[in-house]
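The values are calculated or read from the model by the stated rules, or taken from the named source; none is laboratory data. All of these numbers come straight from a predicted model, not from anything done at the bench. For neighbour counting, all protein chains shown are included, and Cβ atoms are generated from backbone atoms with ideal geometry for every residue, glycine included.
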Amino acid sequence: MSATQKSLQGQVVLVTGAASGIGAATALELLQRGALPVLVDCDAEPLAHMAERCGPGTMHLVADVTDLAAMEQVVAQTLTRHGHIDAVFANAGVAAFGPLAHVDPQAWKRCVEVNVFGVFNTVRAALPALMRARGYVLINASVSSFAHPPVMSAYAASKSAAEAMGNSWRIELAAHGVDVGVVHAGWVRTPLVTEGALHPGFVRLRATMPGPMNSETSPEDAARAIVDGMARRKSRIFIPGWLRLLYALRALLHLPFAERELRRAAPEIEAIYIEGLQAEGALASSFGPRERERTLERARREG
């Protein structure tokens, strides 16, 4: 253990989006380091399965991060059980896919609600406990916070906002002893990415990217980098590590030469999207299967 790395033994870490992908892998890695992850997700069944994997007694709570009252209840239940919260990983996120003229407006809105308001609600609800613990906040902002692909404007906008919130809160909360970090991850083999591969337009988008930018990291490798960053209370975590160079050059990413291949591909991606729109409908074209089913379930409850 380096001099700057702190033990996570006994630390209570609230993880949103914990039923799958990066959140699930991070929860398992936290357990390996002796921490006590509290698993939060909106999908009850996969969350229960994940809690079983983590072992008897693992705290898991079903909540939608877009509901501030629900997240306040999550925090209250966590404090009743554990007495403190030492860190929060605001990881829950969804992606909406589609060109501006055709994407389902509700899908676009939902992406922003989860990825922006969900982060706010998670951190706001936990903040009093984090201040008492002089704790740590980590926000999953993605590489899309600074590299903005076409037909994914909601995702890029929401992740840019998530990074901006993290940067602002890092300065704001320093005097309270709370450190704030941001994760910039590229392609990680999560359900979000595998569901994207089901859409031909998404496949065409990825084909515009050169080899290194198209490579994938396993959730387990991503989790190790994330938990290492938590232990060091880092302000920025890059997955893979070489993305820190791309981040340093971010001002160049949307100059004409850098956008050339994407501009060439955009009309083809739009045509592919319209074909799917006509065959499957707006919701199916804009969301992957899991978020589409969540949307339909919400509509059934509200209807």
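Scan region 154-175 and tell me whether some residue there is in a loop (DSSP other than H, G, I, E, B) and not polar (S, T, N, Q). Within region 154-175, not a single residue is in a loop (DSSP other than H, G, I, E, B) and not polar (S, T, N, Q). Restricting attention to region 166-214, the residues that are at pLDDT 95 or above and not small (Gly, Ala, Ser) add up to 13. Here is the figure for region 155-208: residues that are without any contact (Cβ under 8 Å) to a residue 24 or more places away in the chain and of a type in the set (D, E, K, R) total 2. Just to verify a result, which residue in region 82-108, among those that are touching a residue at least 24 places away in the same chain (Cβ under 8 Å) and assigned to a helix (DSSP H, G or I), is surrounded by the most Cβ atoms within 10 Å (Cβ to Cβ)? The residue in question is Ala107.
Annotation note: of Met165, Met209, Met213, the sole residue that is of a type in the set (A, V, I, L, M, F, W, C), within 16 Å of the chain's Cα centre (by Cα) and at negative phi is Met165.
Quick one: is Glu72 farther than 27 Å from Ala161 by Cα, out of contact with any His (no Cβ under 6 Å at 6 or more places or on another chain) and either crowded, with 18+ Cβ neighbours inside 10 Å or not hydrophobic (A, V, I, L, M, F, W, C) (or both)? Even if it seems obvious, please write down each step before you answer.
Values: farther than 27 Å from Ala161 by Cα: no; out of contact with any His (no Cβ under 6 Å at 6 or more places or on another chain): yes; either crowded, with 18+ Cβ neighbours inside 10 Å or not hydrophobic (A, V, I, L, M, F, W, C) (or both): yes.
For Glu72, the condition - farther than 27 Å from Ala161 by Cα, out of contact with any His (no Cβ under 6 Å at 6 or more places or on another chain) and either crowded, with 18+ Cβ neighbours inside 10 Å or not hydrophobic (A, V, I, L, M, F, W, C) (or both) - is not met.
Ala51: within 17 Å of the chain's Cα centre (by Cα) and either buried (at least 23 other Cβ atoms within 10 Å of the Cβ) or without any contact (Cβ under 8 Å) to a residue 40 or more places away in the chain (or both), yes or no?
Details: within 17 Å of the chain's Cα centre (by Cα): no; either buried (at least 23 other Cβ atoms within 10 Å of the Cβ) or without any contact (Cβ under 8 Å) to a residue 40 or more places away in the chain (or both): yes.
When the stated conditions are applied, Ala51 does not pass them.
Taken together, the residues in region 127-148 that are in contact (Cβ under 8 Å) with a residue 60 or more places away in the chain and either more than 11 Å from Gly177 (Cα to Cα) or of a type in the set (A, V, I, L, M) (or both) amount to 6.
Here Arg233 fulfils each of the conditions (1) under 28 Å from Gly10 (Cα atoms); (2) without any contact (Cβ under 8 Å) to a residue 12 or more places away in the chain apart from (2).
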